[in-house]
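Where a number appears in this text, it was derived from the coordinates with a stated rule and is not lab data. Computed from a prediction, not measured in an experiment: that's the story for all the values here. Cβ placement follows ideal geometry from the backbone for every residue including glycine, while neighbour counts extend to all protein chains displayed.
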Amino acid sequence: MKREKVVYANLTSNAQEAFNAGKLAGAMARYGYELTPVRNDDAGADFIAYRVGEPALLIQLKGRPTIAKAYEGSKIWMAFPSGDPDSHTMYLVRHSTLMKIIREKQPRGNAFKTRSWLATEGTYSTTASWLFEALSKYALDSD
């Protein structure tokens, strides 16, 4: 078995998604959740997370913090890694909460006035350090 760590930046986008899915599964397991992939994500979820005695969570996995018009009013939770590919930290936050934090705490400009948000698809993503600081209570660590 080849025991050489991969370099995240050198992975294809599909391989990065698989990498992040593994990190999310490990982090969620530390909190007692079982993750099941959704093969047909018409409802917007990539995974359903189960924990005994709690309602299931519908999770959309992204490579960085992302909001989208398509998820407004939904019960989707957004999951994404920290900005450091060597970190085991993943973030899990309800989409509506992520939108609120971006709306209230963005120091410059306005995400909701960007070209990408105003486009038909209406998406916005960022890896800004201020956002990760604002999301600290939503961090999951698998260590």
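At a glance:
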{"item": "Proximal lysine pairs, segment 8-140, alpha carbons under 26 Å, eight or more residues apart or interchain", "result": "21"}
{"item": "Reduced Cα scattering model of the chain, Debye log10 I(q)/I(0), q = 0.14, 0.16, 0.17 Å⁻¹", "result": "-0.68, -0.89, -1.00"}
{"item": "Which of 66, 114 has the fewest Cβ neighbours within 10 Å, and the rest in rising order", "result": "114, 66"}
{"item": "Rounded to 10°, Cα long-axis angle of helix 13-30 versus longest principal axis of the chain", "result": "70 degrees"}
{"item": "Exposed-site-free run, longest, the chain (rule: GluC sites (Glu not before Pro); DSSP loop; at most 13 other C-beta within 10 Å)", "result": "5-71"}
{"item": "Cα→Cβ-extended label distance, 7 Å offset, between residue 116 and residue 74, nm", "result": "1.7 nm"}
{"item": "DSSP loop trypsin sites (Lys or Arg not before Pro) with at most 11 other Cβ within 10 Å excluded, longest remaining stretch of the chain", "result": "40-107"}
{"item": "Global geometry of segment 81-143, whether rounded, prolate or oblate, following the gyration tensor of its Cα atoms and the 1.5 cut on a/c", "result": "prolate"}
{"item": "Dipole magnitude of segment 8-140, debye to nearest 20 (Cβ charges: Lys/Arg +1, Asp/Glu -1, about Cα centre)", "result": "440 debye"}
